[in-house]
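The values are calculated or read from the model by the stated rules, or taken from the named source; none is laboratory data. Given the structure is predicted, the values throughout are model-derived calculations rather than measurements. Heads up, the Cβs are rebuilt from the backbone with ideal geometry, glycines too, and the neighbour counts pull from every protein chain shown. The accessibility values were calculated without ligands, DNA or RNA, using every heavy atom of the protein model including side chains. Shrake-Rupley method; radii C 1.70, N 1.55, O 1.52, S 1.80 Å.
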Amino acid sequence: MSEDFYDVLGVSRDASEDEIKQAYRKQAAEHHPDVSDDEDAEERFKKIQKAKEVLTDDEKRRQYDQLGHDRFTEADKRGATGGGPGGAGGPFGGAGGAGGAGGFEDIFNQFFGGGGGRGGGPDNRPRQGRDLRTGLTIDLAEAFEGATKEVTLRRPTACDTCDGAGHPPDADVETCPQCNGRGQVQQVQQTPLGRVQQTSTCPRCEGDGELYSEDCADCGGDGVVREQATLSVEIPAGIRSGQSLRMEGEGAPGENGGPNGDLLIEVDVDIGDRFERDGDDLRVKEAISFPQAVFGDTIEVETVDGSVEMDVPAGTQSGETFRVQGKGMPRLRRRGRGDLFVQVGVVIPDSLNEEQREALEAFAEAGGEDIDVGGGFFERLKSSF
C-alpha cells in the first residue's frame, strides 16, 4: 500500500486547510532537494507537493477520502495519460486543465451520488496564482554575513484599469450561447468503466459563463498586465548556491479573488578565486617557505572574516592539509560554523645567495649521516634564509 497523503504531511484526517498548509511548508523546507542531503529527497518532495495539492482542494480531498489512496491514485494515473476526448488534462479536468471538472468527477458521481459538484455552473472558486522564479547572485562575504538585497523583475499583476476583470465595468454582458451560462461543456467518452460523461471548460467563455461586448484596453481581456517590480529580500547567513528563498504572495495574481502565488529566488554564491566551498566548510591554499616547513612556524591565514593564526609543525610536507575548527561558513539557520581546511605548499626559492647555497650544500652532504646539532648546524641553516 502506498503512503497515505495525510501521513506524508504528518497531519490528522480532520486537519484544517491551514494546518495542512503549515505542515506542507515545514515538510517542504526539510525535504527540498536544494536543502536535504538525502538521496531520495527529490522523490519525497514530489510526494509532499502531491499531498498538498490534493488535500487543500475541497473536491479532490472529498474524493480522496471516499475512494482511498490506492483507488484515487489509480484513477489519477488513468486521467493523466488521457483516456479519451478530454486528453491530458488529468482526472480533474479535460482539455481545459484546472478549470474543468473532468471525467473522474463524473465517474465518482455515478457511483457515489455526488450532486452539488462543479458541473452545475462556472467554476468561480478562488484559486491561488502560480509561483514565479528569478535568480540572484551574491558574493561570499554576503553569504557569510547575510544581507539585504534587491531583486527587480517583470511579473504579472492584476490590471488596475479593470480591477482584474478583463473588461470595462460598463461593458454589455450576455450569457455564453455555447455552454448556456454553465461555464462547462459536456461530451461522452468511453472509459474502462463504460460510457461516461466528460465535462470540460467551455472554450468560448473560458469557464465564465458570460461574454462581454468589449475587452479592457490595457490588458486585452486577460485581467493581468506585466509590470516591473523591485523587492527587498533578506539573505540568511550561510546560504549556498542553488538554494531558493520563498517570498510569499509575491508571485502571479490569483483567480476569482484567490491569493497570489509565491516568488522563488534561486541564489548563486560567487565564491571568488581564494576559497573553495564544501557545504559549510571552506578550503584554501597557503604558501610557506622552505625554512617554515623544515623548522615549523606560526603563520597568519586570511579567512572570510579576518585573519587567524595557525601553527605549522616542523617537518611539514608540501601538500599537507590542516584543519582550523569553526572558521568556515555559518550553518544555515543553525548554530555554529563549518571548518577551514588549509593546504600548505612549500615555495622553493628560484635563486640563492652564497650563504644560502653553502648552508643547503652542507645540509645535503649531511643527508645520511649524523648531524652535529650541538654545533649549531640547524641554526646556521635557518638563519641563512
Q | Global geometry of the range 5-78, whether rounded, prolate or oblate, following the gyration tensor of its Cα atoms and the 1.5 cut on a/c | A | oblate
Q: Over the range 5-78, with every protein chain in place, what whole percent of the accessible area is carbon and sulfur at 1.4 Å, could you tell me?
A: 40 percent
Q) Ignoring ligands, DNA and RNA, what accessible area per residue does the range 264-312 give at 1.4 Å, in Å²? A) 51 Å²
(Q) Just want the answer: with Cβ charges of +1 for Lys and Arg and -1 for Asp and Glu, which residue in SER16, ILE48, PHE72 is farthest toward the dipole's positive end in the range 5-78? (A) PHE72
Q | GLU145-ASP7 pseudo-label distance in nm [points 7 Å out on the Cα-to-Cβ vector] | A | 4.9 nm
(Q) Beyond a 32 Å Cα-Cα separation, which of these cross-linked pairs lie in this structure: LYS21/LYS149; LYS26/LYS60; LYS26/LYS149; LYS47/LYS285? (A) LYS47/LYS285
(Q) Counting only other residues whose beta carbon sits under 10 Å from that of ASP57, what net charge do I get with K and R as +1, D and E as -1? (A) +2
Q. Rounded to the nearest whole Å², what accessible area per residue is found for the range 5-78 with the 1.4 Å probe?
A. 60 Å²
**Q.** Local net charge near GLU300, Cβ-Cβ under 13 Å (Lys/Arg +1, Asp/Glu -1)
**A.** -4
Q. Round to a whole number: what % of the accessible area of the range 119-260 belongs to carbon and sulfur, probe 1.4 Å?
A. 40 percent
Q: Please identify which residues in the range 306-335 have an amide N closer than 19 Å to a label point set 7 Å out from the Cα of ILE348, following the Cα→Cβ vector.
A: 315-320
Q: Between beta-carbons, use under 11 Å as the cut-off and find the net charge around ASP222, counting Lys and Arg +1, Asp and Glu -1.
A: -2
